[in-house]
Amino acid sequence: MRQTGVYHRYSPTTKTSICILLHPMTYSRAHARLQSVWRTSGGVKNFSEHPLNLHMLILSSYVNNWQIYLDDLAWTFKSLVLITPKNLNSSAC
């Protein structure tokens, strides 16, 4: 399982953020996108406009990969439904 850890503290009074990103993969998709945004659009300014911009960048980097997992999960649940007796009485649980 691959995971990305994000620590983010935002101060609304100063409009500043402290971010720590942990990712087990060198040069991950999120890392590449983060570097690209940082270089091309002023970096700090882009992420200080809204405190969730960093989170949206990270999540959108991987959302397409979730489709495969969700399809597999749906297949698993569908097979569970097919093997469950239709006349199962819920009061017997």
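Being surrounded by 12 or more Cβ atoms within 10 Å (Cβ to Cβ) and either more than 14 Å from the chain's Cα centre (by Cα) or at pLDDT below 85 (or both) is the filter here, so list the residues in segment 60-70 that pass it. Working first, answer last.
Keep residues of segment 60-70 that are surrounded by 12 or more Cβ atoms within 10 Å (Cβ to Cβ), which gives 60-62.
Correct list: Tyr62 only.
Identify the residue in segment 9-29 that is under 21 Å from the mean Cα position of the chain (by Cα) and at pLDDT below 80 and, among all such residues, is surrounded by the fewest Cβ atoms within 10 Å (Cβ to Cβ). First the steps, then the outcome.
As a first pass, look at segment 9-29 and keep what is under 21 Å from the mean Cα position of the chain (by Cα): 9-10, 17-29.
After this cut, where a residue has to be at pLDDT below 80 as well, the list is 23-26.
Values: His23: 16, Pro24: 10, Met25: 10, Thr26: 6.
Looking at residues that are under 21 Å from the mean Cα position of the chain (by Cα) and at pLDDT below 80, I get Thr26.
Residue pairs whose Cβ atoms lie under 8 Å apart, separated by 6 or more positions or on different chains, with the first residue in segment 9-30 and hydrophobic (A, V, I, L, M, F, W, C) and the second open to solvent by 100 Å² or more (accessible area, probe 1.4 Å) and modelled with pLDDT under 85, are Met25/Arg2.
For segment 37-46, check the following and say yes or no: at least one residue is part of a loop (DSSP other than H, G, I, E, B), at pLDDT below 75 and open to solvent by 90 Å² or more (accessible area, probe 1.4 Å). Among the residues of segment 37-46, not one is part of a loop (DSSP other than H, G, I, E, B), at pLDDT below 75 and open to solvent by 90 Å² or more (accessible area, probe 1.4 Å), which makes the answer no. When Ala32 is tested against (1) within 18 Å of the chain's Cα centre (by Cα); (2) open to solvent by 100 Å² or more (accessible area, probe 1.4 Å); (3) modelled with pLDDT of 85 or more; (4) not polar (S, T, N, Q), exactly one condition is not met: (2). Asn89 meets each of the listed conditions (1) at pLDDT below 85; (2) open to solvent by 70 Å² or more (accessible area, probe 1.4 Å); (3) in contact with a Gly (Cβ under 9 Å, 6 or more places away or on another chain) apart from (3).
The values are calculated or read from the model by the stated rules, or taken from the named source; none is laboratory data. Because the structure is predicted, anything quoted here is derived from the model rather than measured. All Cβ positions, even for glycine, are placed from backbone atoms using ideal geometry, and neighbour counts span all protein chains on display. For accessibility, only protein heavy atoms count, side chains too; no ligands or nucleic acids. Shrake-Rupley method; radii C 1.70, N 1.55, O 1.52, S 1.80 Å.
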